[in-house]
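Peer 1: Supplied in structure tokens, the structure appears directly below.
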Amino acid sequence: MPELIQQTERGLYCEAGDFHIDPWQPVDRAVITHAHSDHARWGSRAYLAAAGGIEVLRSRLGPDAAIQGIPFNESIGMNDVRVSLHPAGHILGSAQVRVEYQGEVWGISGDYKLQTDPTCDAFEPVACHTFITESTFGLPIYRWKGPEEVFDEMNEWWRENQERRRTSIIYAYALGKAQRILASIDASIGPIIVHGAIARFLGAYEAARIKLPPTHPADPELVKSTRGTALVIAPPSAVNSPWLRKFGRQSSAYASGWMQVRGNRRRANVDRGFVLSDHVDWDGLLSTIRATGAHTIGVTHGYTDQVARYLNEHGINARIYHTRFSDRGEEALEPDESEINHTDTEDTEKNKELDS
Amino acid sequence: MQRFTQLFIEMDRTKRTSEKVAAMERYFREVPSEDAAWALYFLSGRKLKRLVPSGILHDAIAQITSLPEWIISESYQSVGDFAETLALLFPQSRSEPATITLSQLVSDRMLRLRSIAASKNQRALILQTWNDLDSTQRLVFNKLITSNFRVGVTQTLVIRALAVVADVTPAIMAHRFAGTWEPTADSYARLMTGGDRGDSAGPSIGDLAQPYPFYLAHPLMQPPEDLGTVNDWQIEWKYDGLRAQLIHREQSTLIWSRGDELISGAFPEIAEAAADLPPNTVLDGEIIAWEDDRPLPFALLQRRINRKQVEAALWTDVPVAFIAFDVLEENGNDLREQPLVDRRRKLDELLSQLPPNASIKPAPLLSARTWSDLSQHRLASREHSVEGVMLKRLSSTYGVGRKRGDWWKWKIDPYTVDAVLIYAQGGSGRRSGLFTDYTFGVWDRPDESQGNGGDGRELVPVAKAYSGLTDDEIRQVDRFIRRNTIEKRGPVRIVKPELVFELAFEAIQPSNRHKAGLAIRFPRMNRWRTDKKPEDADTLETLQALLRSTMRENREER
Ligand SMILES: [Zn+2]
Ligand SMILES: [Zn+2]
């Protein structure tokens, strides 16, 4: 008899219930943990997702996608399989999937974090026999500070920039991280401008009654009048783009778990790195595994080899589930080599080469 | 340690040189001399070496975290910096950090590590120190004990900050700082006051540390015959290096670049070789990556430039030489008004006192009885890994700036490549309003469609060029760009790939900063190849082959 959840070419598949979880190719029935593009793919016939996440999911899958929403902790039947969704604390509407069949229970984490986040329901561990966990930050160097501390630093940075008449530019993933920053930053410091790639999700947050401060699009008049005072939130793809020039003198920052490592900040070519992640850290990963009570752990999406080896060496049966997506998840840095600027080495006159 | 860590954070959080210097100024003003002395020691790139074996640090972190060895290594793999890995792995402590000053940390912890024999006790001292510090202090401490402390400043910038604090010119501070300097409070106080050397007695020490203005050569455009008889000229190779002036005084040796940067720290073996010269000698020359009596590519030298201090490994990896071609001061006498022929004789006398393998060498002189002899030399330039020949009038004084007529550089014809115009950008000044800054591409692979085009080849950007076209041509190209823009990206126009230009360039070198994997130096537009279609442009392969051949030329003996 095959296992309840199997790894297939299209992603995780439950044969008994005939559905896929976060498939990366079109299928008949897809259970979606959350709306990030490495989990929610376009083209399946029917989708099941957490009710609270439908709006954001729709902004990703299009108006015609057939999406059924169910509240957290309420199960539905698929053939003889019971399926329920549980808060993952990752982004608005993000869920873990609990699958039960003939007394056997599997939990699939999707992406998750344990830290508080005003834009989504807090993570709840799911008791299960087999737990498939993400491992984006599955190394002991990744242990997060409390978000309050990070946002204090961010507020202070914004104020300092204002004193020096510099616009504050912060790069953050467009769905989830950007809104988390909006919800947590001290909006009384100054005006906030958001890039279009972020603004397009704000309606969904409003519909879900997540309280966010007022923001402005980057129209020329406003940009001019807020130079030196505004906070601009932009997606990482905007790094070094001409779009940024209009904000005048600026200080740049990147908000991501990868900022824990200074080399990553240097490669991203920003002044500041704020260690702010929507993924679980090393300590959280281990404590969650214990909390599920699972006897078998599946490791996916990240430092899979390392986490599986560590667990096996510590008496926990672990194996790897591969994904089609890069191991670095949506927080992956994309430092195009042309964006790496060697600012510390002053160019000599000999250095007049192509500086693209 | 708190204040020093604060300085580290401030410098770490900015890429602006001026802010880094300002942060150092604040620091030096605030801290006691004994801390300032050590801060200066580390900021200027000096290191306390071999304090503790890295194995002990491994053991210490394994002990405190109970992590297996392999995951510590994996963590290091992913961080890429051992000091930082240790700081990240150390458990977050709840206790208040102890108050330790930088000088205490150095004497009671770092230097003590070296004196402890038993590794068990070394490990205990490491663990205790980690416990006494907060997380950023731990990072700084780890960087100091692993000789890996860097804050992205050159010694010149540190000196600039110190000069402001001491209220003297950077040249005076550079002079005070040169030579033997100990990280002690006394020594630091002497930097601030000038000590009893008395900067103001006699000719000011500031002047003694300052380079003379460099005399520059002009490119030779006319036929050499126009220069009169060849016997009036001294002929040297034109090297592709870093023009520099070496000032050797009683107390110190300073090397200045033409950009008035103090670069002594990057070339310690040259400063060392100068010790055999009589004091108060000033030489003019070219610093060159040099091995087996011939130059290596400039790219190798570049690795040494802008470095505060050079790791020993780099010394042997990139050997350099100061190829001296002029002497400006001998025994404190200014020789610049004397004719070149006399200066050259004095130069040869001076350098004959150095051992044959010294890093300071006289520039070889080429002999030519006729102008055609000279042309022969010039044509052999590439074999000698030089850029051409220099012509210097034997009767000339050492001029100032670019006074024309006495020094000429006659370069060899550069390399050429046919490339397609792909992006354009507006110019500035006289050329503003016109698209004058162009990016050129070559094909990523040869055309396999036998001239039918459209086999999905792509143009890879390889060069940017601004110069070489006539005003008339610029206007024509500008018109073409306006009519054939495919896409606008900010100020950049992506242009229909249609126009082909022959680019001339001086050198080619590998570069991982560029998509093409190579970089072209000093490209300019030689001519507009209206006779060529874009399909006829060169491919990346051509440039790669050229790159390989120039690399081989330069490193044949290896
Ligand atoms: Zn996600
Ligand atoms: Zn993900």
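The values are calculated or read from the model by the stated rules, or taken from the named source; none is laboratory data. Since the model is a prediction, treat every value here as computed from it, not as a measurement. Virtual Cβ from ideal backbone geometry, glycine too; neighbours counted across all protein chains shown.
Peer 1: Which of (1) farther than 16 Å from A:Ser109 by Cβ; (2) in contact with a Gly (Cβ under 6 Å, 6 or more places away or on another chain); (3) crowded, with 21+ Cβ neighbours inside 10 Å does A:Trp24 not meet, given it meets every other one?
Peer 2: Exception for A:Trp24: condition (3).
Peer 1: Scanning for something within 14 Å of ligand 1 (Cβ to nearest atom) and in contact (Cβ under 8 Å) with a residue 40 or more places away in the chain, does the stretch A:3-20 turn up at least one residue? Show your work before the answer.
Peer 2: Pass one, the stretch A:3-20, residues within 14 Å of ligand 1 (Cβ to nearest atom): none.
Looking for residues that are within 14 Å of ligand 1 (Cβ to nearest atom) and in contact (Cβ under 8 Å) with a residue 40 or more places away in the chain, one finds none in the stretch A:3-20, hence no.
Peer 1: While we're on this one: Looking at this structure, is A:Trp144 hydrophobic (A, V, I, L, M, F, W, C), away from ligand 2 (no atom under 15 Å from the Cβ) and within 14 Å of another protein chain (Cβ to nearest Cβ)?
Peer 2: For A:Trp144, the condition - hydrophobic (A, V, I, L, M, F, W, C), away from ligand 2 (no atom under 15 Å from the Cβ) and within 14 Å of another protein chain (Cβ to nearest Cβ) - is met.
Peer 1: What helices (runs of 4 or more DSSP H), lying completely within the stretch B:1-117, carry at least 1 residues that are away from chain A (no Cβ under 14 Å)?
Peer 2: It comes to B:2-12, B:17-30, B:33-43, B:54-65, B:111-115.
Peer 1: Looking at (1) more than 34 Å from the chain's Cα centre (by Cα); (2) under 19 Å from B:Val417 (Cα atoms), can you tell me which one B:Arg483 breaks?
Peer 2: Result: B:Arg483 passes all but (2).
Peer 1: For the stretch A:133-140, does any single residue satisfy the condition of being of a type in the set (S, T, N, Q), within 14 Å of chain B (Cβ to nearest Cβ), buried (at least 24 other Cβ atoms within 10 Å of the Cβ) and more than 16 Å from ligand 2 (Cβ to nearest atom)?
Peer 2: no
Peer 1: Are any of the residues in the stretch B:161-176 crowded, with 23+ Cβ neighbours inside 10 Å, modelled with pLDDT of 90 or more, assigned to a helix (DSSP H, G or I) and not aromatic (Phe, Trp, Tyr)?
Peer 2: Yes: the stretch B:161-176 contains one or more residues that are crowded, with 23+ Cβ neighbours inside 10 Å, modelled with pLDDT of 90 or more, assigned to a helix (DSSP H, G or I) and not aromatic (Phe, Trp, Tyr).
Peer 1: Now for a separate question. Return the residues of the stretch A:66-80 that are closer than 13 Å to A:Val31 by Cα and in contact (Cβ under 8 Å) with a residue 12 or more places away in the chain; say none if nothing qualifies. Outline the logic, then answer.
Peer 2: Within the stretch A:66-80, the subset closer than 13 Å to A:Val31 by Cα is A:66-70, A:75-78.
Matches in the stretch A:66-80: A:Ala66, A:Ile67, A:Gln68, A:Gly69, A:Ile70, A:Ser75, A:Ile76, A:Met78.
Peer 1: Which of (1) over 20 Å from the mean Cα position of the chain (by Cα); (2) at pLDDT below 90 is the odd one out, the single condition A:Ala294 does not satisfy?
Peer 2: All conditions are met except number (2).
Peer 1: Quick check on B:Asn231: is it more than 23 Å from the chain's Cα centre (by Cα), on the phi > 0 side of the Ramachandran plot and either of a type in the set (Lys, Arg) or surrounded by fewer than 23 Cβ atoms within 10 Å (Cβ to Cβ) (or both)?
Peer 2: When the stated conditions are applied, B:Asn231 does not pass them.
Peer 1: Can I ask one more? Please state which of the following conditions B:Gln509 fails to meet, knowing it meets all the rest: (1) in a strand (DSSP E or B); (2) crowded, with 19+ Cβ neighbours inside 10 Å.
Peer 2: Only one criterion is unmet by B:Gln509, namely (2).
Peer 1: In the stretch A:90-109, which residues are polar (S, T, N, Q) and farther than 17 Å from A:Val299 by Cα? If you could, list the steps in order and put the result at the bottom.
Peer 2: First pass over the stretch A:90-109, keeping only residues polar (S, T, N, Q): A:94, A:96, A:102, A:109.
Hits for the stretch A:90-109 are A:Ser94, A:Gln102.
Peer 1: Inside the stretch B:1-59, can you point out the residues that are over 22 Å from B:Leu125 (Cβ atoms) and among the polar types (S, T, N, Q)?
Peer 2: B:Gln6, B:Thr14, B:Thr17, B:Ser18, B:Ser33, B:Ser44
Peer 1: Considering only the stretch A:191-210, I want to know if a residue exists there that is closer than 23 Å to A:Ala291 by Cβ, away from chain B (no Cβ under 14 Å) and in contact with a His (Cβ under 8 Å, 6 or more places away or on another chain).
Peer 2: The answer is no; no qualifying residue exists.
Peer 1: Continuing with the same structure: Among the candidates A:Arg60, A:Arg98, A:Arg82, which residue alone is within 16 Å of ligand 1 (Cβ to nearest atom) and away from chain B (no Cβ under 14 Å)?
Peer 2: Just a single option satisfies the conditions, and that option is A:Arg60.
Peer 1: Still on this structure, I have one more. Out of the residues in the stretch A:21-41 that are more than 16 Å from ligand 1 (Cβ to nearest atom) and assigned to a loop (DSSP other than H, G, I, E, B), state the one that is farthest from the other protein chains (Cβ to nearest Cβ).
Peer 2: A:Asp28
Peer 1: Moving on to the next point. Output the qualifying pairs, or none if there are none: Cβ atoms under 8 angstrom, residues six or more apart or on different chains, first residue in the stretch B:454-481 and assigned to a helix (DSSP H, G or I), second residue acidic (Asp, Glu).
Peer 2: B:Phe480/B:Glu498
Peer 1: Let me ask something else about it. Filter the helices (runs of 4 or more DSSP H) completely within the stretch A:253-319 down to those with at least 1 residues that are within 16 Å of ligand 2 (Cβ to nearest atom) and at negative phi.
Peer 2: A:282-292, A:304-313
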